[in-house]
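The values are calculated or read from the model by the stated rules, or taken from the named source; none is laboratory data. These figures come from a predicted structure and were not determined experimentally. We place every Cβ from the backbone using ideal geometry, glycine too, and count neighbours over all the protein chains shown.
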Amino acid sequence: MTGIKVAINGFGTIGKRVADAVDAQQDMEIVGVTKTGPSFGCDLAVRKGFPLYCTFNDEASIARFAEQGYDCAGGLSDLLAIADVVIDCSPGKMGDENLAKYKAADIKYIFQGGEKHALTGLSYSSSANHEQNLNAAGTRVVSCNTTGLSRTLVPLYEHCGSLSVECTMIRRAADPGDSKKGPINAIKPVLKVPSHHGPDVMTVKPEININSLAVAVPTTLMHLHSIIADLPSGHGLTTEGVLDMWRNTPRVIVMHGADNRITTTAEVMELARDIGRKWGDLHEIFVWEDGVSLQGDRLYYFQAIHQESDVIPENIDAIRALMGIEADWRASVAKTDAAIAAYYNL
Ligand code: NAD
């Protein structure tokens, strides 16, 4: 198989998932993934047949892989030299340093939500601004929370023509594989008000007027959003109309919590494991039908976000946008999701 040659810089939580999603597509392929040094994560790359490269270019760092039995194909520069686009999945806040390397290698680049919009001057979310990203040199896929907000707010905005939103992000303390973060027995308000999540939506859909607060809670499974959206008068929607809109929106799942006994994020993640994607991922945003209520012009709802995976399909659509091979976001989304479903025999 041949196609767009994709490099993954940083084969961690997001990097390994994006690599699998690229591998699932017909029009792109993984030419290599980087690790900083030998570790258990290298075994996955070997099993998948993804060429393994070192994050650094110096001989000593590269040689460490062989010492632990891994075949390292070279340093980051070697990988960038054979790729069309690099997906930067490094831990965040390394953008400036890495961007210089990508520009020097003259290839396209996609950063993740841990970097600021100012780094690239362009951000990405499939339904919000695919067209704006067509043929761009590089972009930033917005964070898991911002991706989640965009999924449900953009169609609402497209229907209403204006939207004013206040929301609270109830954030997981750490990813399941992470032992360094917390809190483990406290609720921690983010004392930067507003939090960056809401305003970050405006990097992909500036027409939506939105602010947010955030708190971190001791859970690893998902984030939960509590959202209040003020619709313009004359919007013509009902609660059922809003639900129907989301039922017809890609990558949104609407389910009745009480009727389906799926009333917490624990059951939502169990549903995700039943779906059968690797790692129990849930690419869709989960909306509780019985948690949605339109009262006059004010809409209330909750949604749950699988932080490790909702941005994965967006990265694939972003590759197609930058490479200019699919101008229609809906067509890209359909292609991405069908290929991933086929890959996992869903
Ligand atoms: P991670 O820590 O799980 O993985 C990062 C990987 O990059 C690791 O394999 C690490 O060894 C490697 N790395 C370290 N230094 C590097 C360097 N200088 N250059 C390249 N790679 C390096 O982090 P993650 O959770 O996958 O996050 C990656 C990005 O995705 C961040 O911007 C983060 O904010 C964003 N993001 C994370 C989540 C999430 O829930 N984990 C969700 C959405 C977006």
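Just one of the listed residues (THR152, THR146) is within 15 Å of the ligand (Cβ to nearest atom) and of a type outside the set (A, V, I, L, M), and it is THR146. With respect to ALA45, determine if the residue is among the small types (Gly, Ala, Ser) and either away from the ligand (no atom under 13 Å from the Cβ) or surrounded by fewer than 18 Cβ atoms within 10 Å (Cβ to Cβ) (or both). No; evaluated as a whole, the condition is false for this residue. Looking across the stretch 56-79, the residues that are more than 14 Å from the ligand (Cβ to nearest atom) and among the acidic types (Asp, Glu) come down to GLU59, GLU67, ASP71, ASP78.
If you go through the stretch 270-306 and keep only what is assigned to a strand (DSSP E or B), surrounded by fewer than 16 Cβ atoms within 10 Å (Cβ to Cβ) and not polar (S, T, N, Q), you end up with ARG298, TYR300. Counted as qualifying within the stretch 161-237 are the strands (runs of 3 or more DSSP E) with 2 or more residues that are out of contact with any Leu (no Cβ under 9 Å at 6 or more places or on another chain) and either touching a residue at least 60 places away in the same chain (Cβ under 8 Å) or over 23 Å from ALA266 (Cβ atoms) (or both), namely 209-217, 223-230. Checked against (1) near the ligand (Cβ under 9 Å from one of its atoms); (2) more than 25 Å from LYS180 (Cα to Cα), ARG17 meets all criteria but (2). For the stretch 102-117, the set of residues classified as within 12 Å of the ligand (Cβ to nearest atom) and in a loop (DSSP other than H, G, I, E, B) consists of GLN112, GLY113, GLY114, GLU115, LYS116, listed by residue number. Candidates in the stretch 307-318 are the residues that are touching a strand residue (DSSP E or B) at 6+ places or on another chain (Cβ under 6 Å) and of a type in the set (A, V, I, L, M, F, W, C); of these, the one that is surrounded by the most Cβ atoms within 10 Å (Cβ to Cβ) is ALA318.
In this structure, does LEU231 turn out to be touching a helix residue (DSSP H, G or I) at 6+ places or on another chain (Cβ under 8 Å) and more than 20 Å from SER125 (Cβ to Cβ)? Against the criterion (touching a helix residue (DSSP H, G or I) at 6+ places or on another chain (Cβ under 8 Å) and more than 20 Å from SER125 (Cβ to Cβ)), LEU231 qualifies.
Against the condition within 16 Å of the ligand (Cβ to nearest atom), under 17 Å from LYS108 (Cβ atoms) and touching a Gly at 6+ places or on another chain (Cβ under 8 Å), how does ALA7 come out, does it pass? So ALA7 fits the description; yes.
Could you please let me know if PHE11 is surrounded by 18 or more Cβ atoms within 10 Å (Cβ to Cβ) and not in a helix (DSSP H, G or I)? Against the criterion (surrounded by 18 or more Cβ atoms within 10 Å (Cβ to Cβ) and not in a helix (DSSP H, G or I)), PHE11 qualifies.
The condition (being at pLDDT below 95 and more than 16 Å from the ligand (Cβ to nearest atom)) is satisfied by just one residue among LEU322, LEU299, LEU346, LEU294: LEU346. Pick from the stretch 158-176 the residues that are within 16 Å of the ligand (Cβ to nearest atom) and not basic (Lys, Arg): which of them is nearest to ILE14 (Cα to Cα)? Checked the stretch 158-176; the qualifying residue nearest to ILE14 (Cα to Cα) is ASP175. More than 10 Å from the ligand (Cβ to nearest atom) and on the phi > 0 side of the Ramachandran plot: does that describe GLY92? Answer is no for this residue.
Among the residues making up the stretch 214-234, those that are more than 20 Å from the chain's Cα centre (by Cα) and buried (at least 20 other Cβ atoms within 10 Å of the Cβ) are ALA229, LEU231. Among the residues of the stretch 14-40, those that are surrounded by fewer than 19 Cβ atoms within 10 Å (Cβ to Cβ) and without any contact (Cβ under 8 Å) to a residue 60 or more places away in the chain comprise GLU29, THR36, GLY37, PRO38, SER39, PHE40.
Can you say whether VAL204 is among the aliphatic types (A, V, I, L, M) and surrounded by 15 or more Cβ atoms within 10 Å (Cβ to Cβ), as far as the supplied structure shows? Here the answer is yes, as VAL204 does meet what is asked. Can you pull out every residue in the stretch 86-123 that is crowded, with 22+ Cβ neighbours inside 10 Å and among the aliphatic types (A, V, I, L, M)? Of everything in the stretch 86-123, those that are crowded, with 22+ Cβ neighbours inside 10 Å and among the aliphatic types (A, V, I, L, M) turn out to be VAL86, ILE87, ILE110.
Of all residues in the stretch 80-89, those satisfying the criterion of being within 13 Å of the ligand (Cβ to nearest atom) and either hydrophobic (A, V, I, L, M, F, W, C) or in contact with a His (Cβ under 9 Å, 6 or more places away or on another chain) (or both) are LEU80, VAL86, ILE87, CYS89.
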